Amino acid sequence: MRSPIFQVDAFTTRRFAGNPAAVMPMDSFPVDAVMQAIAAENNLAETAFLVREDGDYRLRWFTPTTEVPLCGHATLASAAVVMERLEPGRSNVVFHSASGPLTVKRADSGYIMDFPSRPSEQVSTPSGLSEALGAAPIEVFANAFNYLVLLESGETLRALAPDMGVLARMDRSGVIVTASETGSTTSSAATLLRQRAFLKIRLPVVLTAC
């Protein structure tokens, strides 16, 4: 089996920055064990496997330890490979995935992704979560995939040194922790938010958003 492999840094305009992903276009998907072994050897947060189908692409994502149902930066990386290397000049691409069809369009300065929403509901703080984070949540929300934790300040967020072993035993794939930079706990378009995400892969992925 031979397949090209691309390593793409998403969410950046500089080399050796952003969020890296491996992208592997293939004629057909190999067995899951082979894709998992390839992803483990790549040792990046995600390896994306692409198979062309009826003008679109089928897409699957693997971390070094497991297959995941959705990955944003690896989808963006896959779109860049399709529109910059496999089919130069193409203006959009649809990926068929475990999370449904995902559309990426070319824009003047990059790409625009249309992703499914994952609404969360407020829940009681799960047992062990405060101890694992080393901080007391103000509010906790959850969906089928992640917990979303609101802390009192950006300073508290930046100082987090969570117990990843305990977080890995939680009943969700990841814990996203956020706080207002100003210390406000109310939503506002003018409020700068900081986020950190701790996922069940070999290393925590740290995200910053506003």
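How many angstrom lie between the Cα centre of region 26-82 and the Cα centre of region 125-147?
30 Å
In debye, nearest 20, what is the charge dipole magnitude of the chain about its Cα centre with +1 on Lys and Arg Cβ and -1 on Asp and Glu Cβ, if you could check?
Its charge dipole is roughly 380 debye.
What distance in nm separates the simple spin-label points at Ile5 and Glu139, each placed 7 Å from Cα in the Cβ direction?
About 4.3 nm separates the two model spin labels.
Computed FRET efficiency, Cβ-Cβ of Ala168 and Phe115, R0 30 Å: what is it to the nearest 0.05?
Values: r = 25 Å, r/R0 = 0.84.
Once the sixth-power term is evaluated, E becomes 0.75.
Given the C-alpha atoms of the chain, compute the convex hull and give its volume per residue in Å³.
Hull volume over Cα atoms, normalised by residue count, gives 137 Å³.
If each DSSP helix of 4+ residues adds -39,500 (n - 2.57) and the sum is divided by the residues in the chain, what number results at 222 nm, nearest 500 deg cm²/dmol?
Only helices count here, giving -4500 deg cm²/dmol.
Applying 1/(1 + (r/R0)^6) with R0 = 35 Å to the Cβ-Cβ distance of Val31 and Glu131, what FRET efficiency is obtained, to the nearest 0.05?
0.30
Counting every Cα pair in region 74-178, what percent are over 21 Å apart?
Summing the P(r) tail past 21 Å for region 74-178 gives 52 percent.
Give me the log10 of I(q) over I(0) for region 6-114 at q = 0.22 Å⁻¹, as the Debye formula computes it from C-alpha points; what are the numbers?
For region 6-114 at q = 0.22 Å⁻¹, log10 I(q)/I(0) is -1.25.
Return, for the Cα atoms of region 136-176, the radius of gyration and Dmax in Å, separated by a comma.
In order Rg, Dmax, the Cα atoms of region 136-176 give 10.6, 29 Å.
Any read-out appearing in this document is the output of simple, stated calculations on the displayed coordinates, not a laboratory observation. In this text, all values refer to a predicted model and were calculated from it rather than measured experimentally. Please note: Cβ atoms are built from the backbone with ideal geometry, for glycine as well, and neighbour counts cover all protein chains shown.
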